[in-house]
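Q: Have a look at this one before I ask anything.
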Amino acid sequence: ATTLGAAAAGTGRYFGAAISSGKLGDSAYTTIANREFTMVTPENEMKWDATEPSQGQFSFTAGDQVYNWAAQNGKQVRGHTLAWHGQQPGWAQGLGGSALRQAMINHINGVMAHYKGKLAYWDVVNEAFADDGSGGRRQSNLQATGNDWIEVAFRTARAADPNAKLCYNDYNIENWSAAKTQGVYNMVKDFTSRGVPIDCVGFQGHFNSGNPVPGNFQTTLQNFAALGVDVAITELDIAGASPTDYANVTKACLAVSRCVGITVWGVRDTDSWRSGDTPLLFDGNGSKKPAYTSVLDALNGG
Ligand code: G3I
């Protein structure tokens with residue numbers, strides 16, 4: 001196959017990208033995005049600050065722009081994200097306790113009702129674990145509402161849209177030896193054993209020299225999959241875009257039957273949240289980089 005999406009489809013998987021509503025008028029951008037990708041994650045448009053700027057008043061203009069572009073072009077959509085400490089509207093940042101807990105539940109219900117039956121996946125909870133080597137939860141206003149906030153979010157989400165696959169999504173959980181990875185693993189194990197509805201775990205895959213692609217990433221994916229959840233690489237970008245690193249990540253997913261797909265976090269380097277790292281598969285001119293060829297070859301079995 002000659003595109004990432006078609007090559008991934010040949011293995012029963014999708015290949016996606018983060019898409020930004022503000023770039024849908026850029027034909028160079030949409031030409032690449034439409035040709036190469038079969039899954040779309042709105043980069044910012046479905047986050048809490050975008051979808052509920054005032055409490056109880058939902059706004060889906062930008063989210064719908066991304067959703068409609070994807071649907072019109074035959075692509076699936078991954079919703080991102082419902083409950084997160086980042087990109088909260090100011091009104092939510094000012095809440096705590098039971099008021100914030102109820103606001104989170106209302107937010108999940110409001111956004112999921114709008115997209116009910118339309119989205120393949122939802123990142124229900126994003127980045128809830130700490131980076132301090134403890135393996136514990138990140139301190140946040142949501143965590144302060146009680147340790148059960150994550151399972152409440154998942155139970156709320158299942159009831160709101162039973163057709164969406166519900167995912168936990170995080171970064172720096174690719175290395176099996178990391179305490180953060182073990183913390184998330186133990187949570188998922190606990191959820192699956194108690195029947196808390198969780199269908200998938202997203203490994204963001206933001207790699208750089210300080211957080212390189214671990215040699216045991218495939219082991220991590222396999223161990224999570226063995227809990228009975230799908231796994232996916234959800235926000236892949238690699239500083240410098242080493243073709244070897246990109247191929248190794250792709251092969252790690254292909255080696256795990258429950259690894260359902262790979263999403264890169266942007267189209268061209270110039271579209272990246274960290275464009276200075278040139279971490280993506282297309283350069284600013286829209287030309288394919290060596291990393292593109294290495295991913296395509298890996299997907300084609302090379
Ligand atoms: O929308 C405003 C715009 O009105 C304003 O004029 C402009 C001025 O700076 O800012 C715009 O907001 C920016 C937003 O992106 C939309 O472009 C924010 O400042 C900026 O902080 C925000 O960055 C996003 C970042 O999440 C914030 O947390 C990145 O685009 C987005 O790629 C990044 O994505 C995250 C994932 O959601 C979760 N995992 C990590 C990943 C990378 O940080």
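Q: Taking only Cα atoms and a 10 Å spring cutoff, compute GNM fluctuations for the chain and point out the largest among Thr278, Thr145, Thr263.
A: Thr145
Q: Right, next: Could you list the residues of segment 217-261 with an amide nitrogen less than 11 Å from a label point located 7 Å from the Cα of Ser193 in the Cα-to-C-beta direction?
A: none
Q: Rounded, prolate or oblate: pick one for segment 77-164, where a ≥ b ≥ c are the square roots of the eigenvalues of its C-alpha gyration tensor, a/c under 1.5 means rounded, and failing that, prolate if a/b is larger than b/c, else oblate. Mind dumping the intermediate values first?
A: Working: a/c = 1.92, a/b = 1.45, b/c = 1.32.
It comes out prolate by the Cα gyration axes.
Q: Considering only DSSP beta bridges with both partners in the chain, what is the antiparallel share in %, to the nearest 5?
A: Restricted to the chain, the bridges split so that about 10 percent are antiparallel.
Q: Still on this model: Once amide H atoms are built 1.01 Å from N in the peptide plane, which residues 5 or more positions from Ser59, or in another chain, come under 5 Å H to H?
A: Placed amide hydrogens put Glu52 under 5 Å from Ser59.
Q: Per residue, how large is the accessible surface of segment 98-208? Use a 1.4 angstrom probe and give square angstrom. Write down the numbers at each step before the final one.
A: Working: 3920 Å² over 111 residues.
With the other protein chains kept in place, segment 98-208 gives 35 Å² per residue.
Q: Here's a follow-up. Could you give the accessible area per residue of segment 226-295, probe 1.4 Å, as a whole number in Å²?
A: 33
Q: For Asp237, which sequence-distant residues (separation of 5 or more, or a different chain) have an amide H within less than 5 Å of its own amide H, given hydrogens modelled in the peptide plane?
A: His206, Phe207, Trp265
Q: Label-point separation (nm) for Asn163 and His85, each offset 7 Å from Cα along Cα-to-Cβ?
A: Going by the 7 Å Cα→Cβ label model, 3.5 nm.
Q: Per the 1.4 Å probe, what fraction of the accessible area of the chain, in percent, lies on carbon and sulfur atoms?
A: Looking at the chain in its full context, I get 46 percent from C and S.
Q: Have a look at Gly12, Gly205, Gly195 and tell me which one the Gaussian network model of the chain (Cα, springs below 10 Å) gives the largest fluctuation.
A: The residue with the greatest mean-square fluctuation here is Gly195.
Q: To make sure I understand the rule: partners must be lysines, Cα under 27 Å from the Cα of Lys118, and not fewer than 8 residues away in the same chain. Which ones qualify?
A: Lys118 reaches Lys23, Lys47, Lys75, Lys165.
Q: Okay, moving on. If you wrap a convex hull around the Cα atoms of the chain, how much volume per residue is inside, in Å³?
A: Cα-based convex hull of the chain, divided per residue, equals 119 Å³.
Q: Next question. If each of Ser134 and Arg35 carries a label point 7 Å out from its Cα toward its Cβ, how far apart are those two points in nm?
A: 4.9
Q: Here's a follow-up. Between Ser257 and Thr219, what length in nm is gained on full extension when 0.36 nm per residue of separation is reduced by their alpha carbon distance?
A: Going from the current span to full extension adds 12.4 nm.
Q: Compute the distance in nm between two label points, each set 7 Å from the Cα along the Cα-to-Cβ direction, one at Ser54 and one at Asn186.
A: A separation of 4.5 nm, rounded to one decimal place.
Q: I've got another one for you. Quick check on the chain: helices-only [θ] at 222 nm, where DSSP H runs of length 4 and up contribute -39,500 (n - 2.57) each and the sum goes over total residues. Nearest 500, please.
A: Per the formula, -11000 deg cm²/dmol.
The values are calculated or read from the model by the stated rules, or taken from the named source; none is laboratory data. Not measured: the values here are computed from a predicted model. Cβ coordinates were reconstructed from backbone atoms using ideal geometry, including for glycine residues, and neighbour counts include every protein chain displayed. For the accessible areas, the whole protein counts, side chains as well, though only heavy atoms, and no ligand, DNA or RNA atoms are used. Shrake-Rupley method; radii C 1.70, N 1.55, O 1.52, S 1.80 Å.
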